[in-house]
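Taken together, the values in this text are just the output of simple stated rules run on the coordinates, not laboratory data. Predicted model, so just to flag it, every value in this text is computed and none were measured. Backbone-built Cβ (ideal geometry, glycine too); neighbour counts: all protein chains shown.
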Amino acid sequence: MIPAQAKSVTHASRYAWVLVAMLVPVAMLNYLDRTMLATMRTSIRADIPSIASDQDFGLLMSLFMWIYAFLSPVGGFLADRFNRRYLIIFSLFTWSAMTWLTGHVHTFQQMAWVRAFMGISEAFYIPAALALIADFHPDATRSRAIGFHTAGIYLGQTFGGLGGYIADTSSWRNAFYWFGAAGMLYSIVLIAFLKESSRNTSNTTVGTDRVNVRRSLLELLGTGSFLILVAYFTLPAISGWAVKNWLPTYLGTAFNLRQGPAGMSATGFVTLACFGGALLGGALADLATRRTPRGRIYVSALGTGLCVPALLVLGHVTSLPIAIAGMIAFGAGFGCFDANNMPILCQIVKPEFRATGYGIMNLVSIGVGAAATVAMGAMRDRGISLGVAFELSAAIALLGGVLVLFVRPRYDVTSKP
């Protein structure tokens, strides 16, 4: 039986789901724009000779990640203090403009600059979007709502895999022109329909001292469960960055695939499985949390556990069908993990610190992931198989799955009035 208190928060408002539907395309573009670079490596390097090595190419991907990571807490703090609606629209328009400009670059330095500015602009989106969704959705629907938004991210990664085909049949530059223009146009649509939450409007408007840097850091860094969640968010994510940034190259080398089929295989199977894993993981987590406050933690740990054998399979690929099975298993587990990080965060920090908390999580996770991306490029330049990286990331993910079990929810969602 579901407790009466839980029944009272089972349903979100109609606009809460409209909000999710509007943000799914934004999440899709957010990841599509950053994923395309990895899937068009061969064409970009051939067209821009100053990208002289795989380590240089890895540096371009990591430059975005480092800047994005460093500014994520800033974006999160601004989302906690100011209007999240404006931040989302500004972020979408700016990174889409940078995507469009990417199609015009001709040197390594120019590519580095546009990737850097893309990292700056994208840093403001995810903390603001997830906190806005959490504002509109009560505990009983929060994981499902975040899961739907996360599914949009995986759609972006899937469509990003088309970049290799576009590069092979047309031009890699066209992909950046088209999707950059689409994002700028959609930002205009959001101006008319995206709303701010009443909680953020009433509690964290400009000029108040309700949220400040010192108070935010003391609250977050003084919470043991938050520090554990930061570590958990970081460790399995290393494998995610390995798959996103280097699996197309790994499959292309292992099975002698052109960049189109390699990119589509690497992003398609993984991200479609992630899509399903995020939706299923969100639904299961909401259901489990009605019975125990630790329900989301258990469901998330289960997803991480599924990633471990999948990574070991990818590290020892002997045939494409076996690799596909590993990619599907990894995607299902990672989607389940990814959909529940913000909902778990909502159980251990107060609402006014959620976006800042997620920004700090991004800082640590992506900063480590960027270093790992460069290291993998260096490994490849030295003749070391990327399969070794997948094997190491399996052990690291396992450690994360154990750590999350030590998180203690501070707010028992099953006992709220």
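Scan the chain and report its longest stretch carrying no trypsin sites (Lys or Arg not before Pro) that are both in a DSSP loop and have at most 15 other Cβ atoms within 10 Å.
Numbers: sites that count: K195, R210, R258, R291, R382, R410.
Here the longest run is 1-194.
Is any helix in the chain, taking whole DSSP H runs, at least 20 angstrom long along its axis by alpha carbon and on average at least 0.5 on the Kyte-Doolittle scale, and which ones? Walk me through the numbers on the way to the answer.
Working: long enough: 14-39 (38 Å, 1.01); 54-81 (41 Å, 0.76); 84-102 (27 Å, 0.73); 108-122 (21 Å, 0.31); 139-160 (32 Å, -0.05); 172-193 (33 Å, 1.10); 224-255 (45 Å, 1.00); 259-289 (43 Å, 1.02); 295-315 (31 Å, 1.51); 320-339 (28 Å, 1.62); 354-381 (40 Å, 0.73); 386-403 (26 Å, 2.02).
Result, helices passing both filters: 14-39, 54-81, 84-102, 172-193, 224-255, 259-289, 295-315, 320-339, 354-381, 386-403.
Per DSSP H run of at least 4 residues, take -39500 (n - 2.57); add these up for the chain, divide by its residues and hand me the 222 nm value, nearest 500 deg cm²/dmol. Display every interim value, and only then the final one.
Values: 19 runs with 334 residues, N = 417.
Roughly -27000 deg cm²/dmol at 222 nm, from the helical runs in the chain.
May I ask you to derive the relative contact order of segment 59-162, considering only C-alpha pairs under 8 Å and at least 6 residues apart, and to give it as an integer percent? Walk me through the numbers on the way to the answer.
Details: 89 pairs, mean separation 37.9, N = 104.
About 36 percent, as a whole number.
Quick one: Cα convex hull volume of segment 58-138, Å³ per residue? Don't skip to the answer; put the middle values down first.
On the way: hull volume 6.8 nm³, N = 81.
In segment 58-138, the Cα convex hull volume per residue is 85 Å³.
Per the Debye formula with a single identical scatterer at each Cα and no solvent contribution, what log10 I(q)/I(0) holds for the chain at q = 0.06, 0.10, 0.11, 0.12 Å⁻¹?
Normalising to I(0) and taking log10 leaves -0.22, -0.62, -0.76, -0.91.
Can you give the relative contact order of the chain as a percent, counting alpha carbon pairs under 8 Å and 6+ residues apart? Don't skip to the end; give the middle numbers.
Numbers: 833 pairs, mean separation 117.2, N = 417.
Reported as a whole number, the value is 28 percent.
Can you run the Rg to Rh ratio on segment 65-188? Use alpha carbon positions and the Kirkwood inverse-distance Rh.
1.01
Quick one: putting +1 on the C-beta of Lys and Arg, -1 on the C-beta of Asp and Glu, what dipole do you get for the chain around its Cα centre, in Debye to the nearest 20? Provide the component values of the computation, followed by the final result.
On the way: 30 positive and 18 negative charges, 195 e Å.
I would put it at about 940 debye.
Which net charge results when you count Lys and Arg as +1 and Asp and Glu as -1 among the other residues whose beta-carbon is under 13 Å from that of L221? Write down the numbers at each step before the final one.
Details: positive: R214, R215; negative: E219.
Around L221, the charge tally is +1.
Name the residue farthest towards the positive end of the dipole of the chain from the options P293, Y165, S91, assuming +1 on Cβ of Lys and Arg, -1 on Cβ of Asp and Glu, about the Cα centre.
Projecting each Cα onto the dipole axis, the largest value belongs to P293.
Eigenvalues of the Cα gyration tensor times 5, then square-rooted: what semi-axes does that give for segment 248-400, in whole angstrom, largest first? Don't skip to the end; give the middle numbers.
Details: eigenvalues 185, 67, 33 Å².
The three semi-axes for segment 248-400 are 30, 18, 13 Å.
Among C274, C346, C336, determine the one that fluctuates most according to a GNM of the chain built with springs between C-alpha atoms less than 10 Å apart.
Greatest mean-square fluctuation among the candidates belongs to C346.
Among V26, V308, P343, whose Cα sits farthest toward the positive end of the charge dipole of the chain (+1 at Cβ of Lys/Arg, -1 at Cβ of Asp/Glu, about the Cα centre)?
Sorting the options by dipole projection puts first P343.
Using alpha-carbon pairs under 8 Å, 6+ residues apart, how would you state the relative contact order of segment 23-116 in percent? Could the numbers behind the result be given before it?
Numbers: 38 pairs, mean separation 39.2, N = 94.
Value for segment 23-116: 42 percent.
So how far, in whole Å, is the C-alpha centre of segment 13-78 from the one of segment 329-363?
With segment 13-78 and segment 329-363 each reduced to a Cα centre, they are spaced 18 Å.
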